[in-house]
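Heads up: the structure comes next, in structure tokens.
Every number here is computed from the coordinates shown, using simple stated rules; none is lab data. It should be emphasised that the depicted structure is a prediction, and the values quoted were computed from it without experimental measurement. FYI the Cβ positions are ideal-geometry reconstructions off the backbone, even for glycines, and counts take in every protein chain you see.
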Amino acid sequence: MSQDDSSSLSQVVVNLQDFIMKENNDFSLLDSWLKTKFRSSSSVPFSLRMNSLPPIIVKNIDDERGESCYDVVISYEHNYIIMGGMNSIHVFDYTTKKHVKSIKLDVEVHEMEIDKNGLNLYLTGLWETNYAYRVAKYDLVKLLNGEEGSCLWVCAENLLQNLWGIGLFECQDETFVYVMDYGSGLMVFDSRTGQRVHHKVPTVANGYGVAFTPENEMIITSAHPHASPVEIYTFDEKKEQWNLKKNCLRIESDSTPYGVFYEVPTQRIYVTDTVGKSITVFDMHTLTRVFRHEFPSNMPQYYGIMIDRKTGILYLPDVTGQLLCFD
């Protein structure tokens, strides 16, 4: 690597030499990957200290009561923290943590995911109109601006029985929406159309969470008493199937593993235990438990979990209308 101007990191030139040169080599994917890596800012990991910060309070859009919230995402492009409520999403300013707006939806929002470009919001939940579990895709800009046509599609899969986790899997220039249904297990949808896609997915009993690493490994959680609480899978593109890479033994304190979050810089897996009132942290490579924090038994239930990559703050929404914050 050579640097044209030693006084400016913006003037960096990377020279790569291919010693096995073939005609019509396509380096577009490598070029895109390198640009993404070089342009991305470094992430701040969570400290594991669990120091409490002032919570963010969420109130119902209709009657100002504290509203149950299951998940939280951050839109760095719009400078917003977004929480899913019982019939709406609640938007907070990323910097000040002050409430900006609440947007009415006809769905009890369970989990959410924003795509890597920050353009679309995917969510799972229970639709009030027909009391059915669905997964949906929204144009995030239109949704935040209150414009018509923000909902791009809603799936019509009748096999969904108790839908929670959601994750986005990228493969061969396509993005697939993976959802975890407590009754039916993993299901896959085309991110463009919302149509069902039949990847060969593992059978999961009483599953809740699903997440993907930048290396496209899949992490799932299960609450079944005889299943591993956390499992890691790799994808075989030729066979379009997932193969088990690693799992761990369930221990007595693993009550209801639910939300899952993968922290890239430390390669740690964070898992919430809704009934057990705890957070357990696993090492990605060994699936050994490297940290565990237990909350008081009278603490309200919580489900989703995320870590702000810019600040290292851990966010934990609970069912009383609080977004708990820790550093």
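Checked against the criterion of being within 22 Å of Tyr258 (Cα to Cα), touching a strand residue (DSSP E or B) at 6+ places or on another chain (Cβ under 9 Å) and small (Gly, Ala, Ser), the candidates Ser75, Ser68, Ser43, Ser102 yield just one match: Ser68. Criterion applied to His198, His293, His285 was being surrounded by fewer than 16 Cβ atoms within 10 Å (Cβ to Cβ), within 19 Å of Leu163 (Cα to Cα) and either of a type in the set (Ser, Thr, Tyr) or out of contact with any helix residue (DSSP H, G or I) (no Cβ under 9 Å at 6 or more places or on another chain) (or both), and the one residue passing it is His198.
Filtering the range 95-136 to residues that are in contact with a Lys or Arg (Cβ under 9 Å, 6 or more places away or on another chain) and of a type in the set (Phe, Trp, Tyr) leaves Tyr122, Trp127. None of Leu159, Leu143, Leu152 is under 17 Å from Met83 (Cα atoms) and over 17 Å from the mean Cα position of the chain (by Cα) except Leu143. Only a single item in (1) buried (at least 19 other Cβ atoms within 10 Å of the Cβ); (2) assigned to a strand (DSSP E or B) is not met by Val188, and it is number (1). With respect to being out of contact with any Cys (no Cβ under 6 Å at 6 or more places or on another chain), surrounded by fewer than 21 Cβ atoms within 10 Å (Cβ to Cβ) and β-branched (Val, Ile, Thr), Val107 falls outside the description.
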